[in-house]
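The values are calculated or read from the model by the stated rules, or taken from the named source; none is laboratory data. These numbers come from a predicted model, not from an experiment. Here the Cβ is made from the backbone with ideal geometry for all residues, glycine too, and neighbour counts use every protein chain on show.
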Amino acid sequence: MNAFLSDTLHLLLRHLRTTLRIPIWIAVTLIQPVIWLTIYGQLFRRVVEIPGFGAASYIQFLTPGVVVMTALFGSAWSGMGIIEDLSEGVMDRMLATPVNRAALISARVLHAALTVAVQSVIILLFGMLLGARVEGGIPGFLAILLLGSLLGAGMSALSNGLALVTRREETLIAVVNFFGLPLTFLSTAFMAADLMPAWIRALARANPVNWAVLASRDAMLGQAWGSVAKAALMLSGFAAAAVWVATQAFRAYRRST
């Protein structure tokens with residue numbers, strides 16, 4: 001266990017140093033959320049007047065959804081790093097060392113979760129500049145970061161597992177593009193559940209993205225803390241299952257080399 005924790009920490013620091021060398025990557029991934037908040041927040045601001053929408057401010061409603069959307073897409077590209085390590089022989093050199101094998105996956109997952117947390121802080125602050133209010137105070141703010149990070153950890157693990165199986169950038173790009181937007185729109189990120197078709201509401205109940213959106217919205221409003229805790233547990237289970245999948249994919253990779 002000590003070796004696992006030590007190796008995870010060292011590998012995490014390696015990934016963080018790589019990110020700090022190219023901080024423009026974090027900035028680029030924030031461009032789309034800023035556009036969503038600025039343009040869509042204004043374009044659809046009167047949608048709250050629809051009977052049954054259940055919110056007084058659309059920017060207040062939208063901000064948690066954009067935080068979760070950023071967590072989804074930011075972490076879904078995590079597998080690109082492992083594909084780069086595979087193609088450049090870094091992974092093979094790692095496997096020739098006594099590094100703990102599980103740490104190779106866990107460090108990437110933690111790196112994705114930390115990146116999501118930083119991005120979430122920036123998006124929440126920007127949303128507040130546009131008029132959103134975190135009525136849940138500091139606990140609500142931290143809860144949103146936790147929920148986004150848990151979703152990011154799970155999506156990062158799945159992305160890394162897919163990268164280990166396919167070992168091709170083209171395949172990973174295709175899968176992320178195919179599932180990314182549907183997972184976002186099959187949630188309440190942009191529209192109230194009561195105004196959705198019944199079949200979308202049914203699919204949203206099994207969508208981890210929707211779990212994070214609903215709980216983040218409750219945390220932002222400072223209400224239904226029991227539901228927030230329940231969603232955090234569900235997202236923790238999702239992340240754990242995703243890490244298990246990634247670990248199995250890593251074992252399959254090692255057997256094939």
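Looking only at residues of region 178-196 that are hydrophobic (A, V, I, L, M, F, W, C) and farther than 14 Å from VAL213 by Cβ, we find that the one that is surrounded by the fewest Cβ atoms within 10 Å (Cβ to Cβ) is PHE178.
If I filter region 106-125 for residues that are on the phi > 0 side of the Ramachandran plot, of a type outside the set (D, E, K, R) and either touching a Leu at 6+ places or on another chain (Cβ under 8 Å) or touching a residue at least 12 places away in the same chain (Cβ under 8 Å) (or both), do I get at least one hit? No. Close contacts from region 70-83, counting a first residue that is under 16 Å from ILE105 (Cβ atoms) and a second that is modelled with pLDDT under 90 and outside any helix (DSSP H, G or I), with Cβ to Cβ under 8 Å and a gap of 6+ residues or different chains, come to ILE83/ARG167; ILE83/ARG168.
Just to check your reading of the model, which residue among GLY148, GLY180 is small (Gly, Ala, Ser) and modelled with pLDDT of 90 or more? Can you show your working first?
Numbers: GLY180 fails: modelled with pLDDT of 90 or more.
The match here is GLY148.
Report whether or not LEU43 is surrounded by 13 or more Cβ atoms within 10 Å (Cβ to Cβ) and at pLDDT 80 or above. Full working, then the answer.
On the way: surrounded by 13 or more Cβ atoms within 10 Å (Cβ to Cβ): no; at pLDDT 80 or above: yes.
No.
Taking the numbered list (1) modelled with pLDDT under 95; (2) in a helix (DSSP H, G or I) in turn, GLY131 passes all entries but (2). Of the candidates GLN32, GLN60, the single residue that is over 17 Å from the mean Cα position of the chain (by Cα) and either surrounded by 15 or more Cβ atoms within 10 Å (Cβ to Cβ) or in a helix (DSSP H, G or I) (or both) is GLN60. Here THR8 meets each of (1) at pLDDT 85 or above; (2) polar (S, T, N, Q); (3) exposed (fewer than 14 other Cβ atoms within 10 Å of the Cβ) with one exception, condition (3).
Taken together, GLY226, GLY222 contain a single residue that is within 15 Å of PRO64 (Cα to Cα), modelled with pLDDT of 90 or more and not aromatic (Phe, Trp, Tyr), which is GLY222. Restricting to region 72-103, count the residues that are in contact with a Ser or Thr (Cβ under 7 Å, 6 or more places away or on another chain), buried (at least 19 other Cβ atoms within 10 Å of the Cβ) and assigned to a helix (DSSP H, G or I). Number satisfying all stated conditions: 6. Which residue is farthest from GLY131 (Cα to Cα), if the candidates are limited to region 42-59 and must be touching a residue at least 12 places away in the same chain (Cβ under 8 Å) and small (Gly, Ala, Ser)? Result: GLY52.
Which residue, of ALA204, ALA241, ALA231, is within 30 Å of ASP92 (Cβ to Cβ) and in contact (Cβ under 8 Å) with a residue 12 or more places away in the chain? Give the derivation first.
On the way: ALA204 fails: within 30 Å of ASP92 (Cβ to Cβ); ALA231 fails: within 30 Å of ASP92 (Cβ to Cβ).
Among ALA204, ALA241, ALA231, only ALA241 is within 30 Å of ASP92 (Cβ to Cβ) and in contact (Cβ under 8 Å) with a residue 12 or more places away in the chain.
Residue count for region 212-228 satisfying the condition of being of a type outside the set (D, E, K, R), touching a residue at least 60 places away in the same chain (Cβ under 8 Å) and buried (at least 22 other Cβ atoms within 10 Å of the Cβ): 7.
Screening region 148-253 for helices (runs of 4 or more DSSP H) wholly inside it with 3 or more residues that are polar (S, T, N, Q) and within 20 Å of VAL121 (Cα to Cα) returns no ranges.
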